[in-house]
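All of the numbers you see were taken from the coordinates with simple rules; none came from a lab. Computed from a predicted model, the values in this text were never measured in an experiment. Using ideal geometry, Cβ is built from the backbone for each residue, glycine included, and neighbour counts are taken over all protein chains shown.
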Amino acid sequence: MPIIDVENMTDLDKAKMEVDQLKKEVKLERAQVSKCCEEVMEYIQSGTDDDPLVKGIPEEKNPFKEKGGCVIS
Amino acid sequence: MGEMEQLRKEAESLKDEITAARKAVNDASLQDTVSGTAVVGRVQLKTRKTLRGHLAKIYAMHWSTDSKLCVSASQDGKLIVWDSHTTNKVNAIPLKSSWVMTCAYAPSGNMVACGGLDNMCSIYNLKAKDGNVKVMRELAAHTGYLSCCRFLSDSEIITSSGDCTCVLWDIETGTQKTVFAGHLGDCMSLAVSPDFKTFISGACDSTAKLWDIREGQCRQTFGGHESDINAIAFFPNGNAVITGSDDATCKLYDLRADQELITYQDSSIMCGVTSIAPSLSGRLILAGYDDFNCNIWDSLKSERVGVLAGHDNRVSCIGVTADGMACCTGSWDSFLKIWN
């Protein structure tokens, strides 16, 4: 695969590359933002309660808990 | 009209069309959608471990998929693989070039990679039969610094570079499979989608680009930032992307709406974002800043809900474990801290 050397491309080549890319992007099918927001919200909310950094981790289940302390048995 | 002028006009006209198309689907805001949701409670994470051993600025860290081991890269010329539960150093790998800017752990756990001002991506085999960690491959072809690298598997890795391109490499043969060109500024960061079919890159041209790995094409370009994008990550569901920029803001872009949903900013924050990572559910966005702190954002409500303060210099890298149990920050103060 030929190496595309952006730093040595002429300004004209860069401009052509940009236009070609924009022509592709203009054809994208875009979903309604309202639908996307709903989905993001639902996805996050369904996982928030089980998110260890949000709800906290009980001391005994924390693999990073600090060592030390005495146990009287 | 010269050809250059014609192309410039064509580009402007296409950009206007795209802006209009995005506006046409922009029928709601995330703020309004979540108005009935309460802000998540104050998040107070504690430093559980401090990983000490590097002798100079830490530039990068990456968790292994086992959520226990992690690798860090420092300009002391070392890659260190840590057992984050015990703080023991599993491997201390001396590098040929100390000007390292990035490191990565392979999903299999068999390899790590790094690179920087040497313009190369060096792959190290952690599981060599004789027990010694050696350079397995040196991937050389970039004409600029290596800013980021991420393994797809033990046989493929993607790199981003100051030469404005990203490259997909065949590790076995050491050759470039695909060159992803399109950014008009240094590529600073990349992240692979959860399904490994696409990746996103953030660059000094203030844009983020979504690339189809197999087709070798840029699918989408996201603007809006006013300065270099230094950090980028996929949202856990793979349908959104978060970015962190020198313009002191983070943004959430939705891939299907092809636009920004929200910006995470505060007038009191005036320094650049260096690193970014979502929590397991995506509810929290942890972002490292030049002012030595890491801010924790409620991703839905766009409010700061916590701060990780504990480093004595810039937070250069951040990562959340795959199981979501902890986050790790790496700093120019030479320490890594594990928080939860």
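Of note:
- Think of the protein assembly as shown as having a plus end and a minus end, set by charges on the Cβ of Lys, Arg, Asp and Glu; of B:200, B:259, B:81, B:81 sits farthest toward the positive end of this dipole.
- Taken about its Cα centre, the protein assembly as shown carries a charge dipole of roughly 1420 debye when the Cβ of each Lys and Arg holds +1 and the Cβ of each Asp and Glu holds -1.
- Among B:78, B:134, B:15, the largest mean-square fluctuation in a Gaussian network model of chain B, built with springs joining Cα atoms closer than 10 Å, belongs to B:15.
- The stretch B:229-246 - phi-based ³J(HN,Hα) in whole Hz, Karplus 6.51/-1.76/1.60, Gly and Pro as x: 8, 9, 9, 8, 8, 7, 5, x, 7, x, 9, 9, 9, 10, 10, x, 9, 5
- Distant-in-sequence amide H partners of residue B:206 (H built 1.01 Å from N, under 5 Å): B:229
- Chain B, helix-only ellipticity at 222 nm - DSSP H runs n ≥ 4, -39,500 (n - 2.57), divided by all residues, nearest 500: -2500 deg cm²/dmol
- Separation of the residue B:138 and residue B:12 label points, Cα + 7 Å toward Cβ, nm: 4.8 nm
- Normalising the average separation of contacting C-alpha pairs (under 8 angstrom, six or more residues apart) by the number of residues puts the relative contact order of chain B at 14 percent.
- For residue B:252, net neighbour charge (Lys/Arg +1, Asp/Glu -1) across residues whose Cβ lies under 14 Å away: -2
- At R0 = 22 Å, FRET efficiency that the Cβ-Cβ distance of residue B:195 and residue A:31 yields, to 0.05: 0.75
- Karplus (6.51, -1.76, 1.60) ³J(HN,Hα), θ = phi - 60°, over the stretch B:329-340, in Hz, Gly and Pro reported as x: 10, x, 9, 5, 7, 6, 10, 10, 10, 9, 10, 7
- Dipole moment magnitude, nearest 20 debye, chain B about Cα centre, only Lys, Arg, Asp, Glu C-beta charged: 1360 debye
- Charge-dipole axis of the protein assembly as shown as Lys and Arg at +1 and Asp and Glu at -1 on Cβ define it, positive-most pick from B:36, B:67, B:238: B:67
- Distant-in-sequence amide H partners of residue B:102 (H built 1.01 Å from N, under 5 Å): B:115
- With contacts taken as Cα pairs under 8 Å and at least 6 residues apart, the stretch B:230-340 reaches a relative contact order of 17 percent.
- Compactness of the stretch B:47-339, expressed as Rg and Dmax over alpha-carbon positions, Å: 17.4, 55
- Sorting B:172-183, B:19-30 by average packing, meaning the other beta carbons within 10 Å per residue, from highest down gives B:172-183, B:19-30.
- Under 20 Å from a label point set 7 Å out along the Cα-to-Cβ vector of residue A:20, the amide N atoms of the stretch B:1-25 belong to B:3-15.
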